[in-house]
Every structure is written in structure tokens, then in C-alpha cells.
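The values are calculated or read from the model by the stated rules, or taken from the named source; none is laboratory data. As the structure is a prediction and not an experimental result, all values here were calculated from the model. Ideal geometry is used to build each Cβ from the backbone, glycine not excepted, and the neighbour counts take in all protein chains shown.
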Amino acid sequence: MKTIAPETEAEAEESDFKPLTAQEAQAWRSRHRAIPVWRLVVVQALVGGLVALLAGLVSGKPPIGWSAGYGALAVVVPAALFARGMARQRFAGSPGAAMVGFFGWEMVKIVLTVAMLAAAPRLVAQLSWLALLAGMVVTMKTYWIALMVQSGVRKTD
């Protein structure tokens with residue numbers, strides 16, 4: 001039987017793929033534990049509250065703190081709704097249904113975030129868009145920092 005050499009680098013990489021055995025997969029799962037999504041949402045909420053408090057104290061202007069807090073809420077509330085929606089569909093029948101559910105809840109999350117931002121001028125007196133943006137960014141980055149700190153997620157090369 002004649003073997004054909006891979007034509008491209010991508011094909012060469014594909015040929016190096018080796019599926020894990022059941023024991024190897026179990027060992028990998030024990031080294032890379034799943035991060036509880038609700039813990040991330042709670043940490044985001046705590047960091048968002050801290051940012052709002054610091055923004056209000058440092059600036060000496062309560063509207064700055066309220067703006068930063070609302071920015072944090074514009075991240076945390078949609079994330080919590082997304083987490084709840086995904087947790088409820090955990091036992092979807094097929095991978096395709098799970099993917100459709102994921103994209104559906106992601107769309108709900110995006111629409112809710114945009115709606116909250118659109119409502120911000122009416123809900124926050126003397127809104128500071130810069131403080132709102134700072135609250136959003138710091139709260140969003142909390143998620144990535146938590147992922148990097150989680151053992152097994154960092155690169156170990």
C-alpha cells in the first residue's frame with residue numbers, strides 16, 4: 001500500500017493527531033478542572049462593586065461611582081442570564097442543539113448589554129460615559145484574569 005505525503009502543513013498537523021484513551025482523558029480532566037461559572041459571575045460582581053466604590057471615592061463625585069457601577073452591571077447581569085440559560089440546557093439532546101442554544105443565549109446577552117447601555121442616560125443621573133466604560137472593561141477583564149489564575153489554564157511550557 002502506497003502512502004501519500006501530506007501536501008500542506010495543515011494536513012501534516014492533522015496526521016499527528018492522536019485521540020486520548022479513556023485513562024488519558026480522565027487524567028487530563030483531573031488536571032484541568034472546570035471553573036464554576038457562577039463563581040466567575042460572583043467575582044465579576046464583587047470586582048464591579050469595588051471599581052464603583054473606588055471610582056466614587058477617588059473622584060469624590062457619587063455620579064462617577066454610579067456610572068462605573070452601572071457599567072459593571074451591564075456586564076454582570078447579561079453574564080448571569082447567559083450562565084443561567086446555559087445551565088438549564090445542559091442536557092440538550094444533540095451537539096447541534098447545544099450549539100444553537102449557546103448562540104441563542106449569546107445573542108440574548110449581547111442584546112441585553114446594548115439595551116442596558118442605551119438605557120444608561122435615563123437611569124443614571126449625571127452619567128459619565130468614561131466611568132461607565134471603565135467599570136465595564138475592568139469587570140470584563142476579571143473573567144480573563146480568573147481564567148489565567150485558575151490552575152491548569154496557564155501555559156506550562
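Miscellaneous remarks
- A residue that is assigned to a helix (DSSP H, G or I) and exposed (fewer than 15 other Cβ atoms within 10 Å of the Cβ) occurs somewhere in the stretch 78-85.
- Checking each residue in the stretch 64-83 for being in contact with a Gly (Cβ under 8 Å, 6 or more places away or on another chain), β-branched (Val, Ile, Thr) and under 13 Å from Met140 (Cα atoms) picks out Val75, Val76.
- Applying a threshold of 9 Å to beta carbon distances and a minimum spacing of six or more residues, or different chains, the list of pairs starting in the stretch 15-44 at a residue that is outside any helix (DSSP H, G or I) and ending at one that is among the small types (Gly, Ala, Ser) reads Pro19/Ala25; Leu20/Ala27; His32/Ser151; His32/Gly152; Arg33/Ser151; Arg33/Gly152; Ile35/Ala146.
- Selected residue (criterion: farthest from the chain's Cα centre (by Cα)) from residues of the stretch 119-135 that are among the small types (Gly, Ala, Ser) and over 13 Å from Ala55 (Cβ atoms): Ala125
- Residue check: Gly104 meets all listed conditions (1) at pLDDT 90 or above; (2) surrounded by 12 or more Cβ atoms within 10 Å (Cβ to Cβ); (3) within 21 Å of the chain's Cα centre (by Cα) but one, namely (1).
- Candidate set from the stretch 30-61 (those that are loosely packed, with under 11 Cβ neighbours inside 10 Å and farther than 30 Å from Leu130 by Cα); member that is modelled with the lowest pLDDT: Ala34
- Residue, farthest from Phe102 (Cα to Cα), within the stretch 62-72, restricted to residues that are surrounded by 23 or more Cβ atoms within 10 Å (Cβ to Cβ) and of a type in the set (A, V, I, L, M, F, W, C): Ile64
- Within the stretch 106-127, the residues that satisfy the criterion of being under 16 Å from Ala80 (Cβ atoms) and among the charged types (D, E, K, R) are Glu106, Lys109.
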